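The values are calculated or read from the model by the stated rules, or taken from the named source; none is laboratory data. If you're wondering where the values come from, they're calculated on a predicted model, not measured in any experiment. Neighbour counts run over all protein chains shown; Cβ positions are idealised from the backbone, glycine included.
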Amino acid sequence: MSNATVSAATEFLYANVDFTTLNWFELKWVQWYLWFADPAIATGVMSFLMHEIMYFGRCIPWIIIDSIPYFRQWKLQPDKVPTAKEQWECTKLVLFSHFTIELPQIWLFHPIAEYLGMSTWQVPFPEWRIMFGQIALFFVFEDAFHYFAHQALHYGPLYKHIHKIHHKYSAPFGLAAEYAHPAEVIILGTGSIGGPLLYCYFTRNLHIITVYIWVILRLFQAVDAHSGYGAFHFLIYI
């Protein structure tokens, strides 16, 4: 990115920001948005990278644990360990879904978020108490949404044509958390993103960093809940 472009982006986005008051993370946030110069592209790239890194990053420890016999004593189905072939087949479909179903939705998130009044490139971030309360509300909303949507997906035709794919692996493992029909990805994803969007619509007081933290926690919860183990993690109980 040329110096002239960065200078123009700085003047446009951060003309009234005192950089001396920002913490390290906020400064890196500013640098990210200045490097792209276009907030929509910067948000899209960051959102997709965050999702991929956090999802697969959370899966790696469970893959390692599955390969060590010692941990089978905590496995809910100790005689059913996913093979490398099963994990690779699962990974391919999950990646296909990420790039063809989730990526377009992620790319559209920035304009929708800004239209609803969500802060994206802005700094400083909200204080942690505000973010904590918002994330707690998102957990409640998503949990209720997921419960009813999941119940509906177990209804005859919906199960046969949509949800059955998610139950391909009778002994689940972390990577299978997002192994699902495209329609299910969209339906259940609505519960994860719908809460923040509705909250933003009514309050006009939400920063995307809060949404990122919420999504990361939700990804960890989903992967842990599908890990096949009943110990080592607490998010499945939230």
Which residue pairs have Cβ atoms closer than 7 Å, lie 6 or more positions apart in sequence or on different chains, and pair a first residue in segment 68-83 that is surrounded by 10 or more Cβ atoms within 10 Å (Cβ to Cβ) with a second residue that is of a type in the set (D, E, K, R)?
P78/R72; V81/D66; P82/D66
When F96 is evaluated against the numbered criteria (1) under 30 Å from Y229 (Cβ atoms); (2) surrounded by 12 or more Cβ atoms within 10 Å (Cβ to Cβ); (3) aromatic (F, W, Y), which criterion, by number, is the only one it fails?
(2)
Any residue in segment 50-62 that's in contact (Cβ under 8 Å) with a residue 12 or more places away in the chain: show its pairings with residues that are not in a helix (DSSP H, G or I) at Cβ separation under 6 Å, as long as the two are six or more apart or on different chains.
W62/S227
Within segment 56-99, track down each residue that is in contact with a helix residue (DSSP H, G or I) (Cβ under 7 Å, 6 or more places away or on another chain) and part of a loop (DSSP other than H, G, I, E, B).
P78, V81, P82
Mind counting the residues in segment 90-136 that are touching a Lys or Arg at 6+ places or on another chain (Cβ under 9 Å) and either farther than 18 Å from T210 by Cα or of a type in the set (D, E, K, R) (or both)?
1
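Residues in segment 79-92: is at least one among the β-branched types (V, I, T), at pLDDT 95 or above and over 15 Å from Y179 (Cβ atoms)?
At the first step, the residues of segment 79-92 found to be among the β-branched types (V, I, T) are 81, 83, 91.
Subsequent filtering for residues that are at pLDDT 95 or above retains 91.
Of the ones still in play, those that are also over 15 Å from Y179 (Cβ atoms) are none.
No, that holds for no residue.
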Top-ranked residue of segment 156-184 - restricted to ones that are in contact (Cβ under 8 Å) with a residue 60 or more places away in the chain and surrounded by fewer than 21 Cβ atoms within 10 Å (Cβ to Cβ), ranked as nearest to H226 (Cα to Cα):
A171
